[in-house]
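Before any comments, here is the structure.
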């Protein structure tokens with residue numbers, strides 16, 4: 001996933017991005033205007049503004065799919081803003097069961113910011129945000145997202161016991177772990193990490209996993225969150 005190796009993971013939790021913030025940020029990232037998005041989504045700009053500001057009834061699935069396509073995002077990244085149960089956001093995503101408790105569960109929802117292979121300049125600072133869902137029946141409390149870059153290798157196997165590295169894993173981050181907000185079953189959480197691209201050119205990655213209050217991994221090694229960027233020198 002952006003949640004799975006080697007692709008590696010209630011109400012909106014406190015600090016989670018709003019739909020309006022996501023749309024505006026995404027417009028800046030892909031270089032389009034709100035008018036462009038409205039046209040590509042087959043809606044008026046007035047309706048788009050009402051939708052972004054939470055001043056309209058829940059839109060239809062097709063409307064959100066068109067909006068997601070215009071923003072070049074998976075539809076699940078927008079579904080999460082409407083309704084809190086296990087629904088469209090996790091309907092087609094893989095559920096990872098807890099290592100110690102099979103009733104614990106996590107689903108990767110979307111890369112809210114910095115999609116894979118986003119172009120970066122050497123030394124550029126950016127904030128990576130993943131959206132995940134508590135897909136079990138246990139409350140997430142006291143958990144952390146922990147950096148794994150010194151312990152993992154993104155590689156392919158060319159023969160028995162032979163691994164060929166695919167990516168360098170050395171994006172800098174501000175700290176080696178961040179707090180996972182308390183998250184009720186069925187609810188979503190946005191997890192953000194401030195990172196810095198290396199000075200050299202190339203494709204690089206950073207890999208993270210969820211651990212409990214005692215530092216034990218909550219899910220299998222296949223359940224990791226990662227970011228991949230391509231650094232281009234000018």
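We did not get these values from a lab; they are worked out from the coordinates using the rules stated. Keep in mind the model is a prediction, meaning the values are calculated, not measured. Because the Cβ atoms are built from the backbone with ideal geometry, glycine has one as well, and the counts that use them run over all protein chains shown.
Going 7 Å from the Cα of residue 21 toward and past its Cβ, which residues in the range 94-132 have a backbone nitrogen under 16 Å from where you end up?
Inside the label zone: 111-114, 127-132.
Please state the relative contact order of the range 19-80 as a whole percent: Cα pairs under 8 Å, 6+ residues apart?
That works out to 35 percent.
What nm value, rounded to one decimal, do you get for the distance between residue 127 and residue 32 when each label is placed 7 Å out toward the C-beta?
Modelled inter-label distance: 2.3 nm.
What's the whole-number percent of alpha carbon pairs in the range 177-219 lying beyond 15 angstrom?
60 percent
Under a point spin-label approximation (7 Å from Cα along Cα-to-Cβ), what is the residue 177-residue 116 distance to one decimal in nm?
Spacing of the two 7 Å Cα→Cβ label points: 2.8 nm.
Stretch residue 199-residue 232 to full length: gain in nm at 0.36 nm per residue minus the Cα-Cα span?
Result for the pair: 10.9 nm of gain on full extension.
So, by mean Cβ neighbours within 10 angstrom, what's the order for 20-26, 197-203 with the highest one leading?
So the peptides 20-26, 197-203, ranked by packing, come out 20-26, 197-203.
What is the mean projected area of the alpha carbon convex hull for the range 19-80, to one decimal in square nanometres?
Working: hull surface 14.1 nm².
The orientation-averaged projected area of the Cα hull of the range 19-80 comes to 3.5 nm².
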